[in-house]
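For reference, the structure discussed in these notes is given below.
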Amino acid sequence: MPNIYKIEKKVKELNATCNFKPTPGEAEEVHMNFKESLEERIIRLQEKGVLNMNTKIHVKLSGDSTNIGKRLTVENVTYCPESFVVN
């Protein structure tokens, strides 16, 4: 089992790859900007040659809620861009 220091270091590395921002208000939460995240994903797909100007994007959304404590729930929302070539 790795020690706490190595786990914390890995968590910080993984968090640095995501653009998390504090949620406005008094909630102790973070969020990612959907538009920015989707734009970054589209750019990566264009660089790989998957997308071009004649490609139509469909975005599949999914979400769920998880109870992780007596009065604490986490809302998870995910998305998956799918591309289709327009003729």
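Given His31, Thr17, Gln46, which one lies farthest toward the positive end of the charge dipole of the range 8-49, if we put +1 on the Cβ of every Lys and Arg and -1 on the Cβ of every Asp and Glu?
Gln46
Mean-square fluctuation check for the chain, GNM, Cα pairs under 10 Å: which of Glu40, Glu29, Glu13 is largest?
Looking only at Glu40, Glu29, Glu13, the biggest GNM fluctuation is shown by Glu13.
Using 0.36 nm times the number of residues separating Ser62 and Lys12, minus their current alpha carbon distance, what extension gain do you get?
Roughly 15.4 nm would be gained on extension.
Step through the table entries Lys6/Lys60; Lys6/Lys35; Lys12/Lys35, compare each Cα-Cα distance with 30 Å, and write down the pairs that go over it.
Lys6/Lys60; Lys6/Lys35, as the Cα separations exceed 30 Å there.
What residue among Ile68, Ile57, Ile42 has the largest mean-square fluctuation in a Gaussian network model of the chain, using Cα springs under 10 Å?
Ile68
About its Cα centre, how strong a charge dipole does the chain have in debye, to the nearest 20, once Lys and Arg get +1 and Asp and Glu get -1 at the Cβ?
Taking the Cα centre of the chain as origin, the dipole is about 260 debye.
When the Kirkwood radius is taken over all Cα pairs of the range 4-85, what Stokes-Einstein diffusion coefficient follows at 37 °C and 0.692 mPa s, in µm²/s?
Once the numbers are plugged in, D ends up at 211 µm²/s.
Residues of the range 56-84 with backbone nitrogen within less than 14 Å of a virtual label 7 Å along the Cα-to-Cβ line of Gln46, please, listed as ranges.
56-57
Return the single residue from Asn15, Asn52, Asn33 with maximal mean-square fluctuation; model: Gaussian network over the chain, springs between Cα atoms under 10 Å.
Comparing Asn15, Asn52, Asn33 in a Gaussian network model of the chain, the most mobile one is Asn15.
Values quoted throughout were computed directly from the atomic coordinates according to the rules given, and no laboratory measurement underlies them. Quick caveat, the model's predicted, so the values are computed rather than measured. Note that we place each Cβ from the backbone using ideal geometry, even for glycine, and neighbour counts take in every protein chain shown.
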